[in-house]
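The values are calculated or read from the model by the stated rules, or taken from the named source; none is laboratory data. Keep in mind that this is a model prediction, so the values were computed, not measured. With ideal geometry, Cβ positions are generated from the backbone for all residues, glycine too; neighbour counts draw on all protein chains shown.
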Amino acid sequence: MKKKRIASFTRVCLTAGAWFAQTTIALAVVTTAPLFPDGAVLQRDKPLPVWGSADPAEKVRVRFREQAVETTAHNEGRWRCPRPTWQS
């Protein structure tokens with residue numbers, strides 16, 4: 001009886017392990033250019049593009065206050081978002 005429980009438990013663990021091994025989580029690393037550190041001061045009433053790097057074909061969203069601009073990284077991993085003129 002005890003051997004059957006251990007065998008059943010082993011099968012469940014192996015099945016769960018195989019399932020988790022097939023499931024992968026991909027996290028993209030999206031960075032801005034060094035010109036845009038946290039707390040950077042941007043000039044108001046002037047358009048300013050924001051750029052950086054990411055995985056190729058990764059979607060990138062730049063948000064500032066209530067506005068957002070989206071783009072997709074190129075094959076080399078570079079991306080650029082035109083920033084509209086924002087009021088401060």
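Of note:
- Per-region count, the stretch 63-80, residues under 11 Å from Gly52 (Cα atoms), hydrophobic (A, V, I, L, M, F, W, C) and in a strand (DSSP E or B): 1
- Identity of the residue in the stretch 56-81, acidic (Asp, Glu) and more than 15 Å from the chain's Cα centre (by Cα), that ends up surrounded by the most Cβ atoms within 10 Å (Cβ to Cβ): Glu76
- The stretch 39-67 residues that are over 11 Å from Arg83 (Cα atoms) and of a type in the set (A, V, I, L, M, F, W, C), paired with ones that are modelled with pLDDT of 90 or more and not in a strand (DSSP E or B) (beta carbon under 8 Å, 6 or more apart): Ala54/Ala73; Ala54/Gly77; Ala57/Ala73; Ala57/Asn75; Val60/Ala54; Val60/Ala73
- Matching residues, the stretch 39-55, being out of contact with any Lys or Arg (no Cβ under 9 Å at 6 or more places or on another chain) and either modelled with pLDDT of 85 or more or surrounded by 11 or more Cβ atoms within 10 Å (Cβ to Cβ) (or both): Asp55
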